[in-house]
Amino acid sequence: MRRKPPAGAVTKAPEGLPSPLLENWEWQDDAACRDVNPELFFSAESERGMRKHAREVLAKSLCGTCPVRRQCREHAVVVGEMYGVWGGTTEEEREPALHGRRR
Ligand code: SF4
């Protein structure tokens, strides 16, 4: 018999996200970007052209050293991450996978 969760416990993930079970998220403990400013992975609204490209190259180089790159990319596709560098891929590079997912 299942016990009632404690008051305030998160029992249901927001739509599209994996449930808040440790095994769904623990890969992030090994992320190479764990202590890195998230701005490296997400473009400012005004960022374009070479500046954006240079930031993405830097982010992707860190992803290239990351032991959880595959899990990160899969997560981005599964939840439909539309922004940022995840698993060494930009939003443009994930677009075909995201498009296929929406069908
Ligand atoms: S693959 Fe890149 S974005 Fe994903 S956890 Fe690793 S360093 Fe962070």
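The values are calculated or read from the model by the stated rules, or taken from the named source; none is laboratory data. Remember, predicted model here, so these are calculated numbers, not experimental data. All Cβ positions, even for glycine, are placed from backbone atoms using ideal geometry, and neighbour counts span all protein chains on display.
Within segment 10-34, being among the basic types (Lys, Arg) and either at pLDDT 85 or above or surrounded by 12 or more Cβ atoms within 10 Å (Cβ to Cβ) (or both) holds for one residue alone: Arg34. Evaluating Asn37 against the criteria (1) more than 13 Å from the chain's Cα centre (by Cα); (2) modelled with pLDDT under 95; (3) within 27 Å of Glu15 (Cα to Cα) leaves one unmet condition, (2).
The C-beta contact set for segment 31-47 (first residue within 12 Å of Gly84 (Cα to Cα), second residue within 13 Å of the ligand (Cβ to nearest atom) and of a type in the set (Gly, Ala, Ser), distance under 7 angstrom, 6+ apart or interchain) comprises Leu40/Ala59; Phe41/Ala59; Phe41/Gly84; Phe42/Gly84.
Just a yes or no: is a residue in segment 46-68 of a type in the set (Asp, Glu), modelled with pLDDT of 80 or more, more than 12 Å from the ligand (Cβ to nearest atom) and surrounded by fewer than 10 Cβ atoms within 10 Å (Cβ to Cβ)? Checked against the condition, which is being of a type in the set (Asp, Glu), modelled with pLDDT of 80 or more, more than 12 Å from the ligand (Cβ to nearest atom) and surrounded by fewer than 10 Cβ atoms within 10 Å (Cβ to Cβ), segment 46-68 yields no hits at all.
Just to verify a result, which residue in segment 78-93, among those that are outside any loop (DSSP other than H, G, I, E, B) and within 12 Å of the ligand (Cβ to nearest atom), is nearest to the chain's Cα centre (by Cα)? Among those residues, the one meeting the criterion is Trp86. All of (1) of a type in the set (A, V, I, L, M, F, W, C); (2) at pLDDT below 95; (3) not in a helix (DSSP H, G or I) hold for Phe42 with one exception: (2). Restrict the check to segment 47-68 and report whether at least one residue is of a type in the set (Asp, Glu), within 27 Å of Ser19 (Cα to Cα) and assigned to a helix (DSSP H, G or I). No, because not a single residue in segment 47-68 is of a type in the set (Asp, Glu), within 27 Å of Ser19 (Cα to Cα) and assigned to a helix (DSSP H, G or I).
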